[in-house]
Amino acid sequence: LQSPCSQHLRYQYFNDLYKMTNHHASCTLLYKKPFVESFEETPLLVAVLTYMGYGILTIFGYLRDFLRDWKFEKCHLAREREEQKDFVPLYQDFENFYTRNLYMRIRDNWNRPICSVPGAKMDLVERVTPDYNWTFEHTGNVLKDVINMGSYNYLGFAENTGTCADAASECTVKYGVGVSSTRQEIGNLDKHEELEKLVAGFLGVESSMAFGMGFATNSMNIPALTGKGCLILSDELNHASLVLGARLSGSTIRVFKHNNMQSLEKLLRDAIVHGQPRTHRPWKKILILVEGIYSMEGSIVRLPEVIALKKKYEAYLYLDEAHSIGALGPRGRGVVDYFGLDPSDVDIMMGTFTKSFGAAGGYIGGKKELIDYLRLHSHSAIHATSMSPPITQQIITSMKCIMGEDGTTLGQERLCQLSENTTYFRRRLHEMGFIIYGNNDSPVVPLMLYMPAKIGAFGREMLKRNIGTVVVGFPATPIIESRARFCVSAAHTREMLDKALNAISEVGDLLQLKYSRKNRHGSEGTDCFSFLESHQD
């Protein structure tokens, strides 16, 4: 005989199991192939040492600030004028402190001057610092043929020779470099209209609109779509342009955990049930903001589940494909193509031309009514100068190459090469024992460094081996989750990748960066269900 308490617990157990089974079944129906992502937990010792490192740097930072205040040490940064000492500080205290005492120690890893096309290889201007990174001097030497593992040149179209470069050159001769007017005045060229028709066909939507700046595509168009009385549900890892656009809109913003559908559904359900604060009136509209590939995590959005929730609760979906368009999917059409979904299920499809197309600017695609509305109400459309003609031509030529409309198979070959390079690069890093984040199919590959001293050391040691890398720390990432971020390109040959991997392994041994506790020669990923279970509240 069982007690009522034990019977209740048993009932609860089987009820939870039934719910979990149903969720797994629905997940299986939504995904046509395994969804594999890896976010290995930080080892406890590494986390403790990282906190200790930042603690020591902070203590020495306050000591150096004390010495600066008493004129024992020179302060190189701009300071408030003496007559303004009683004013409210112009800068935020912590950011100033971080810049002076932490960022300056490793500043030489950023803003390196490039004197060539930033393709698979590039040339860097050599520079030295006589005062510990406060100022830099050029030596006149050039570091030749540095393998570029940091640019968003996913399909290798950042080049100064070939079809794209020739077409852009001819366009410059015919149209000039600048338009010097907005689209609504005398800056609307036939090239702009050709580009927008091509983008709409590429995305599989009714209409599209192009903008001269990718960041402004988000920050200036979201305020045109939502306002007071609207609710925006934003992924916690969304890009700064999405965050700024949401804030400028005046809408209520609520944040859900990254790629966590339970968290998103809870917010959607609460929004429907409770409505607006105080008045409890229904929200005018609910907009979900997500990205295709998250540029600091290498993670791919769980788009099939997001669309299912969007339909269930009758919300709108805004998809930012800055890093995924051209880089994902069998036809390079982005994350919608990657999952084999219907483009009409995404209400607002946004993306940029700055990555896979080797150009600049951004776009928004969707229904014709949406685009017609934005042409009249978007600040970026009304006030911003229209896109430069040679940039427009670069996008048109590269997009036609991807679509196969140029009469060659070059575009498809680049898509296949990018996929092969991504798989190979990620697999080798896993086997070496590094902790890397993200989806197995993501060309963005974050390699975790954690400790502050290793940020600068990794970048410098890689450059000594003629490998250009991007190291990332606060405020772009959480302060204890510093990382190196590699971007794989179709322009990388296997020899280039092997050289980069050998250098990474060598530096990893030197700096003791191989933190992974997983089986180095086994499977590193997790399937759709185990990943969900490991991220439950």
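The values are calculated or read from the model by the stated rules, or taken from the named source; none is laboratory data. In this text, all values refer to a predicted model and were calculated from it rather than measured experimentally. Ideal geometry is used to build each Cβ from the backbone, glycine not excepted, and the neighbour counts take in all protein chains shown. The area values use the complete protein model at the heavy-atom level, side chains included, leaving out ligands, DNA and RNA. Shrake-Rupley method; radii C 1.70, N 1.55, O 1.52, S 1.80 Å.
Over the chain, all Cα pairs binned in 20 Å intervals from 0 give whole-percent P(r) values of 19, 51, 28, 2, 0, listed from short to long. The peptide list 30-40, 137-147, put in order of mean Cβ contacts within 10 Å with the highest first, becomes 30-40, 137-147.
Count Lys and Arg as plus one, Asp and Glu as minus one, and take only other residues whose Cβ is under 9 Å from that of R100; the net charge is then +1. For the range 163-403, the share of DSSP beta bridges that are antiparallel, to the nearest 5, is 40%.
Modelled spin-label separation between K518 and K312, with each label point placed 7 Å from Cα along the Cα-to-Cβ direction: 2.8 nm.
For E196, neighbours were defined as the other residues whose beta-carbon sits under 13 Å from its Cβ, and their charges (Lys and Arg +1, Asp and Glu -1) total 0. Shown is the FRET efficiency for D166 and K257, computed with R0 = 56 Å from the Cβ-Cβ distance and rounded to the nearest 0.05: 0.75.
In this Cβ point-charge picture (+1 for Lys and Arg, -1 for Asp and Glu), the range 376-506 has a dipole of about 400 debye about its Cα centre. A simple packing score, the average count of other Cβ atoms within 10 Å per residue, orders the peptides 116-123, 437-444, 185-192, 270-277 as 437-444, 116-123, 185-192, 270-277, with the highest score first. Each peptide in 476-483, 206-213, 298-305 was scored by the mean count of other Cβ atoms within 10 Å over its residues; highest first, the order is 298-305, 206-213, 476-483.
Note on the chain: dipole from Cβ charges, positive end direction compared against M462, T397, V117; the farthest Cα belongs to M462.
Could you list, in their original order, any pairs among K228/K312; K121/K514; K228/K400; K174/K197 whose Cα atoms are separated by more than 30 Å?
Result: K228/K400 exceed 30 Å.
Measuring from centroid to centroid over Cα atoms, what is the spacing of the range 405-446 and the range 106-158 in Å? So the two Cα centres are separated by 24 Å. Dipole size of the range 230-362 about its Cα centre, with +1 on Lys/Arg Cβ and -1 on Asp/Glu Cβ: approximately 480 debye, rounded to the nearest 20. Using C-alpha pairs below 8 Å separated by at least 6 residues, the relative contact order for the range 147-284 is 15 percent. Surface composition of the chain: carbon plus sulfur atoms hold 56% of the accessible area, using a 1.4 angstrom probe and ignoring ligands, DNA and RNA.
What full-extension length gain, to one decimal in nm, is calculated for L77 and E495 as 0.36 nm per residue of separation minus the Cα-Cα distance?
My answer for the length gained is 146.1 nm.
Taking the DSSP beta bridges with both ends in the chain, the antiparallel portion is around 65 percent. For the chain, the mean residue ellipticity at 222 nm estimated from helices alone is -14000 deg cm²/dmol, where every DSSP H run of n ≥ 4 contributes -39500 (n - 2.57) and the total is divided by all residues, rounded to the nearest 500.
Cβ-Cβ distance of C115 and K266, R₀ of 35 Å, FRET efficiency by 1/(1 + (r/R0)^6): the value works out to about 0.10. Spin-label model, D86 to R107: label points 7 Å out along the Cα-to-beta-carbon direction sit 3.2 nm apart.
Among the chymotrypsin sites (Phe, Trp or Tyr not before Pro) in the range 318-361, none sits in a DSSP loop with a Cβ that has at most 14 other Cβ atoms within 10 Å.
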